Amino acid sequence: MDLWQAVVLGALQGIFEWLPVSSQGQIMGFAVTVFKLGTESALKYAVMLHAGTMLAATLYFRKALAELLKLENRQLLRFLLIALIATGITAIPCYLLLRMVLTYNSFFLLFIIGMLLIFTGISQKKRAAAESIGNAKLTKINALFLGLAQGLSVLPGISRSGITTSTLLFEGFKPEQAFRISFILSIPSVFFAEILYGALEGFVLDFNALIALLVAFTLGLLLIDVLLKIAKRTSFSKFCIAFGILYILVAVMESSLISQ
C-alpha cells in the first residue's frame, strides 16, 4: 500500500464506518478492484483501519463509556457484555469461512462481497417496518440475538451497524436508542477483534499504514455526528444493492477475461 492508497482507504473508512454500507466490504472491494491489492492484504488493511474509527467512536461516546466504567449504568453494561460474548458464537465460524474464501482468487471474493452487499441492501428495506415499536428492554435474550447478529458482520459485505441496528429495531428499541447501543457496542467489539486478529495474522504498521489510520481517525471524528444523523433518517438500500451488483459484474468480467 503506497501513500496515495493509504490516504484513500483511510478516508473511505472514516466515511463508511458510520453508514450501514459495510465499510469492510467496500474497502476490500475497492482495494482489490481499483488498487489491485491481494485478498489477504485487502483484509489486513480493512481490519486495521477499524482501529482508527474505533478511537473516533471512543471520543464521541466518551461520556457513555465513562458511565459504564463507573458502573453507573449496570443494566446496559450487562446487556453489552452478553452481546459481546454472543458475538463470538457467530463471528468465529464466519471468520473461518472468510479465511476459506480468501484461498480462492480475488474474483470469488468480489462475488461474495457483492452478494452480501445485496443482502445488506435488502435488509435495509425491512428496517423501516420496525421503527414505530420502541418498547423493548435490555433483556438477556435481546442481547443474545444482538450479539449473534453482530458476529455475521465478520463477512465483508454485511454491515455491522446495519445488521445490529436492524436487530435492535426489530426487538422494539427506538431508533435513537438502537443507533446509540449499536455504536457503543462497536467499541469493545472492534477492540477485541483487533487484538485477536493481530495475534493470529499480524499487522503491517509501516509509515503508510499509520497515515491511513490517522486519516481514518481524523475524518471519522469530524464526520461521525453528521453521518450518524444521515444514517438514522436515510435508507442506503439502493447504494448497497448497486455496489453489490457492480462487484459481481466486475468479478464475472475479469474472471471471463482470464479464462479466455
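The table for this structure:
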| quantity | calculated |
| --- | --- |
| Residue in the range 38-54 that is of a type in the set (Val, Ile, Thr), touching a residue at least 40 places away in the same chain (Cβ under 8 Å) and more than 27 Å from LEU228 (Cα to Cα) present | yes |
| Residue check for ALA251: surrounded by 18 or more Cβ atoms within 10 Å (Cβ to Cβ) and assigned to a helix (DSSP H, G or I) | yes |
| Residues of the range 66-115 satisfying the condition of being hydroxyl-bearing (Ser, Thr, Tyr) and farther than 28 Å from VAL250 by Cα | THR87, THR90 |
| Residues satisfying the stated conditions in the range 45-55, i.e. of a type in the set (Gly, Ala, Ser) and buried (at least 22 other Cβ atoms within 10 Å of the Cβ) | ALA46, GLY52 |
| Residues of the range 120-144 classified as modelled with pLDDT of 85 or more, buried (at least 18 other Cβ atoms within 10 Å of the Cβ) and of a type outside the set (A, V, I, L, M), total | 3 |
| Flag for SER182 being buried (at least 23 other Cβ atoms within 10 Å of the Cβ), touching a residue at least 24 places away in the same chain (Cβ under 8 Å) and not aliphatic (A, V, I, L, M) | no |
| Scope the range 1-26; condition of a type in the set (Asp, Glu) and either modelled with pLDDT of 95 or more or more than 15 Å from PHE179 (Cα to Cα) (or both); matching residues | ASP2 |
| Of all residues in the range 158-179 being modelled with pLDDT of 90 or more and outside any helix (DSSP H, G or I), the one that is surrounded by the fewest Cβ atoms within 10 Å (Cβ to Cβ) | ILE158 |
| Residue count, the range 209-239 (criterion: within 22 Å of PRO175 (Cα to Cα) and outside any loop (DSSP other than H, G, I, E, B)) | 16 |
| Test: residue in the range 144-163 that is more than 22 Å from TYR95 (Cα to Cα) and not acidic (Asp, Glu) | no |
| Residue in the range 1-8 that is closer than 22 Å to VAL204 by Cα, within 15 Å of the chain's Cα centre (by Cα) and of a type in the set (A, V, I, L, M, F, W, C) present | no |
| Selection within the range 27-44 - surrounded by fewer than 20 Cβ atoms within 10 Å (Cβ to Cβ), within 20 Å of GLY244 (Cβ to Cβ) and not hydroxyl-bearing (Ser, Thr, Tyr) | VAL34, PHE35 |
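The values are calculated or read from the model by the stated rules, or taken from the named source; none is laboratory data. Quantities reported herein were computed from a predicted structural model and do not represent experimental measurements. Heads up, the Cβs are rebuilt from the backbone with ideal geometry, glycines too, and the neighbour counts pull from every protein chain shown.
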